[in-house]
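Taking it in order: structure first as structure tokens, then the write-up.
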Amino acid sequence: MENEKSNRQEQITQRLRDIPREAYRRIYEKAVEGLSRKAAIHAFCLECTCWQKEEVRKCTALACPLYALRPYQERSNHSDNRLSSAPESKKSSGGGINIAYFFKLTRFGAKALEIMAF
């Protein structure tokens, strides 16, 4: 167990060195510490696109389970996903779907977080 923890920390440290912007490093740190599901999704999408914010916005991975939740998308994109028809009480104050509700609603919620933990 101790070796696994040490190995994980080494991998995290290496990834942090590879992240090009300080703001993205803070998002990644928050995500790997388990402090925020939103940060985990944000970091996952950024890493998937080699830390290119514009590429996250233009994502073409339509079958990705995080597609509807990716950061940097314009508000009009929310109407494209089936989850935006959630009851008003389940929506976040920003008008989009509440991430915690999304993970509760979907089958992959816990597994997605495991995968994002690397």
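The values are calculated or read from the model by the stated rules, or taken from the named source; none is laboratory data. The model shown is predicted, which means the values in this text are computed figures rather than measured ones. Ideal geometry is used to build each Cβ from the backbone, glycine not excepted, and the neighbour counts take in all protein chains shown.
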(Q) Let me confirm something: among ALA110, ALA63, ALA40, ALA100, which residue is at pLDDT 95 or above and not in a loop (DSSP other than H, G, I, E, B)? (A) ALA40
**Q.** Output for segment 1-32, where each listed residue is farther than 21 Å from ARG70 by Cβ and assigned to a loop (DSSP other than H, G, I, E, B)
**A.** MET1
Q) Inside segment 1-55, can you point out the residues that are of a type in the set (Ser, Thr, Tyr) and in contact with an Asp or Glu (Cβ under 8 Å, 6 or more places away or on another chain)? A) TYR28, THR49
Q | Of all residues in segment 28-51 being surrounded by fewer than 14 Cβ atoms within 10 Å (Cβ to Cβ) and free of Cβ contacts under 8 Å to residues at least 24 places away in the same chain, the one that is farthest from GLN14 (Cα to Cα) | A | LEU35
